[in-house]
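This report refers to the structure that appears directly beneath it.
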């Protein structure tokens, strides 16, 4: 009898995986698109949104042509080595556009234990694409308001090809760090730490915004900011809830833990605002919310509810003081990180990764050896093991050093061909100079004013009666 489903496909798992991927995609478009468009000054709104859109499109193309296989395929065995770090650093590039590649049962070659995936490669590839795409978009937050749009295009292609895929393979694809026990449930290291560090380096290399942009950093539309932030919060249900790769108990735990940490971090940020004599602003509160989401990301399925609350409180506290006080010290005060990505993503991601090594509960329902986890039980320091914390530290330091050095080199290479920084006169004008239109046009042609200028009719003196 004919069946709509291959024998290995579970419709529930496949449906949840595609839904989770769509939620993550919505975090980028429109989530970060409208957040960036609202948080920047009026004349940078279109440019900010355009760069997010184009990064999303660029990453999808390279992902299906070669990126997915580099991050989750068979190891390349650099220099012929079959042992050690170089043999487990990156996968062999290859496309997944043929029907056999897309429709066959999904797998990650280096991860062999645990039950098989119950959905096709096309589902796995799309789920992983939305993670790959959001990473440079997060990084973009550090350099808004001065990076050359033309330079952004090749940089995204190079960074996603040579930095993101290596980090993903090493930690998620069964590479060296995963093999030795490091874990990153959903991207605290691969996505957020890498984006925060790379964005900070990019901001340092490209240079600061115009003085007036730094001194009068006023959002043009807080409603757009709130909308984007809300999409991030609820979209994170797919971000963390999809990473067990099964619509099961661990997925539910990851979703609840995500929201617990986010709520705790949001409230703690507001509390610190009051304690330190500040007013609780929307922008500051959103930073607290994002910090909570980021800090729980590497731990979501490994910690219990108490651990999730602890991560939210600790992460929010650390990032609050880093953003408000550490930012005044060198080297941070010398670098114009537009949206403070190094704090809310870099610091938060590293903190979350390390705290995973402290709070990971081996009694959590985590299927060993599937998805983006190695075949080890995640046991943190408070449960009697320091091994996980050790490898969390090593993996985090790798991401910091490799992402920083790689970003610097790639920017210098792009800068040899295309100026990295926008021309000063274009920076003065903003969106009109770069894209030819602005988010709130002041002179719009209409039925009443076909020339586009609302010029009042001349006043004609009334004629005196004869």
Could you order the peptides 251-257, 343-349 from most to least packed, using the average number of other C-beta atoms within 10 Å per residue? 343-349, 251-257
Shape call, the stretch 162-319: gyration tensor on alpha carbons, a/c limit 1.5: oblate
Pull out the extension gain between residue 425 and residue 19, defined as 0.36 nm times the separation in residues minus the alpha carbon to alpha carbon distance; nm, one decimal. 141.7 nm
Approximate spin-label separation residue 150-residue 10, in nm, with each point projected 7 Å along Cα-to-Cβ: 5.2 nm
When a/c is below 1.5 the answer is rounded, else prolate if a/b is larger than b/c, else oblate, so apply that to the stretch 263-417 with a ≥ b ≥ c taken from the square roots of the Cα gyration tensor eigenvalues. oblate
Check: C-alpha center the stretch 1-65 vs C-alpha center the stretch 171-207, spacing in Å is 20 Å
Cα shape, the stretch 1-134, gyration tensor, a/c 1.5 rule: oblate
Which whole-angstrom value gives the distance between the alpha carbon centres of the stretch 290-342 and the stretch 110-161? 22 Å
In whole Å and largest first, what semi-axes does the C-alpha gyration tensor of the chain yield when each eigenvalue is scaled by 5 and square-rooted? 41, 25, 23
When the scattering of the stretch 128-225 is computed by the Debye formula from its Cα atoms alone, each counted once and equally, what is log10 I(q)/I(0) at q = 0.11, 0.20, 0.21 Å⁻¹? -0.41, -1.02, -1.08
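Just so you know, all these numbers are worked out from the coordinates, no wet-lab data involved. Keep in mind it's a predicted model, so treat the numbers as computed, not measured. Neighbour counts are summed over all protein chains in view; Cβ atoms, including those assigned to glycine, are modelled from backbone coordinates with ideal geometry.
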